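Here the structure comes first, spelled out in structure tokens, and everything after it is commentary.
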Amino acid sequence: MLDVIHWDLFDQLWAYLLNVAEEVLNSGKGETYFPDQPLKLHMKTISNDLMLYNLDTQNKILLPKQVFFSALLTGALAFFESLDRVYDYHYHYELNKIKDLKNKIGEAMYNQLKEIVNLLEKINNNGQTNILPVEEFKEQQDNLTDLSVLLADMDKLLKKSKHTDPNNAQDIDKLLLEIHKMMISLE
């Protein structure tokens, strides 16, 4: 979606992309010009699941909103963490914004799942169809709760991993064991 002809001041461009993502998540649409080129980027929510991405030099692209923002924020996080290490922690604002946007996206995905389960339960209870037995709806609600706990635990583990000394074998073993336990719980 961006290639070498879309060169620019990368740190500023990443920050601009974060601002547009925040606008889209808050109001449904956002736009920005590239920092050092007359290129305009537009993003607009089409539905809960889809968004329209348009760069002046390209055709409009319809994208899955959650997937796009998750990928964008993962890239932005890697970029700003690298800069933050090199430039002695001058990118806290951007890193905090990424964290807030990731939380907003995760919360939106969780709420959508919860809404779907509630809708299916409502349809089932009204006798319109027998999608799942009542016990299975309770199980789905429990799964959503488990997912919420798992996401919080993964966040804690990721934070912990950033402070783990890669040369300390005992700390690495503990971290790997925690990751293994978490992966097993997904099965």
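Computed from the coordinates by the stated procedures, all read-outs in this text should not be read as laboratory data. Not measured: the values here are computed from a predicted model. Note: ideal-geometry Cβ built from the backbone for every residue, glycine included; neighbour counts use all protein chains shown.
Numbers below:
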item: Förster-model FRET efficiency, 25 Å R0, Asn48 and Ala71, C-beta, rounded to 0.05; result: 0.90
item: Cα convex hull of the range 34-106 - mean projected area over all directions, nm²; result: 5.8
item: Label-point gap, in nm, between Lys159 and Ile61 - each point 7 angstrom along Cα→Cβ; result: 3.4
item: Cβ-derived FRET efficiency at R0 22 Å, Ser82 paired with Asn19, nearest 0.05; result: 0.65
item: Estimated distance in nm for a label pair at Lys181 and Gln37, the labels positioned 7 Å out from Cα along Cα-to-Cβ; result: 4.8
item: FRET efficiency, 1/(1 + (r/R0)^6) with R0 22 Å, evaluated for Asn96 and Asn143 via beta carbons; result: 0.10
